[in-house]
1. If I model a spin label at residue 136 and residue 41 as a point 7 Å from the Cα along the Cα→Cβ vector, what separation in nanometres do I get?
2. Under the rule of -39500 (n - 2.57) per DSSP H run of 4 or more residues, summed and divided by the residues of the chain, what mean residue ellipticity at 222 nm is obtained, to the nearest 500 deg cm²/dmol?
3. Rounded to the nearest 20 Debye, what is the dipole magnitude of the range 1-70 about its Cα centre when Lys and Arg each give +1 and Asp and Glu each give -1 at the C-beta?
4. Farthest toward the dipole's positive end in the range 6-137, which of 9, 38, 76, given Cβ charges of +1 (Lys, Arg) and -1 (Asp, Glu) about the Cα centre?
5. Given contacts defined as C-alpha pairs under 8 Å and at least six residues apart, what's the relative contact order of the range 6-137, whole-number percent?
6. What percent do you get for the relative contact order of the range 70-141 when only Cα pairs under 8 Å and 6+ apart count?
7. Step through the residues of the range 47-54 one at a time and calculate ³J(HN,Hα) from phi using the Karplus curve (6.51 cos²θ - 1.76 cosθ + 1.60, θ = phi - 60°), rounding each to whole Hz and writing x for Gly and Pro.
8. Subtracting the Cα-Cα distance from 0.36 nm times the residue separation, let me have the gained length for residue 116 to residue 77 in nm, one decimal.
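Rule-based calculations on the coordinates, nothing more; no lab input. Since the model is a prediction, treat every value here as computed from it, not as a measurement. Neighbour counts run over all protein chains shown; Cβ positions are idealised from the backbone, glycine included.
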Amino acid sequence: MSGAVGLFGKLPAHGDFVRRNLPRDFIAGWDAWLSEGILALDGALVPDSWRFRLSPGECGAAAVAGVVIPSEDMVGRRFPITFAVALEPDGAGPAEGWFDALEAVPLHGSADEVLALLPAIIPGDACPLGLWRPGQGPHAFAGGYAALAPTDETAAES
C-alpha cells in the first residue's frame, strides 16, 4: 500500500528539526505550510492533533496521510511533529485505527526511538481528503494550518 512511516518536526529530546523516512518534496511543502500558519497565529500552535490525507500534488508528488501534533524542541521552541506515510496514488487511505495509534505514540525519546514506535500503516476504507479530527468534517489543505485553530465559536461547541 505504501512506504515506511516517517516523521518531521520537533521533539523534546532534540535541539532542532528532525526528519526520517519522508519525501523531501513533501517536507518542503509541509514545512512551508506549517510555518506560514504559525506565523499567522503569532507563533502559536493549533492545540490539538489533526489527521490528514492529501492527494498527489497537494504537498509534494505523493499522496500522503498522517497526523500533525503540537510539540516543541528541548529548549521550548514550538513546532508540530508530523507522523506520515506516502501512499499509493489510487489507495483509499489508512484505517481510523492507524490514526488512533499514531496519536497515542509518546513524544519522549530520540527521533529514532519515536520512529521505532510508529505503527505500520493499516489499510482501511476511504478516509476523507483534507485535515480532520474524529467526529468533525474535513478542512481543505488549501485553507492553511491557521484555519485549524479554534475560534470563539468552535471553542464554545466543545
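1. 1.0
2. Details: 4 runs with 38 residues, N = 158.
The helix contribution divided over the chain gives -7000 deg cm²/dmol.
3. Details: 6 positive and 7 negative charges, 63 e Å.
Charge dipole of the range 1-70: 300 debye, to the nearest 20.
4. Of the candidates, 76 comes out farthest on the positive side.
5. Working: 261 pairs, mean separation 38.7, N = 132.
Across the range 6-137, relative contact order equals 29 percent.
6. Numbers: 68 pairs, mean separation 18.9, N = 72.
Over the range 70-141, the number comes to 26 percent.
7. Each residue's phi maps through the Karplus curve to give x, 10, 7, 10, 8, 8, 9, 10 Hz.
8. On the way: separation 39, 0.36 × 39 = 14.04 nm, distance 2.40 nm.
Result: 11.6 nm gained on full extension.
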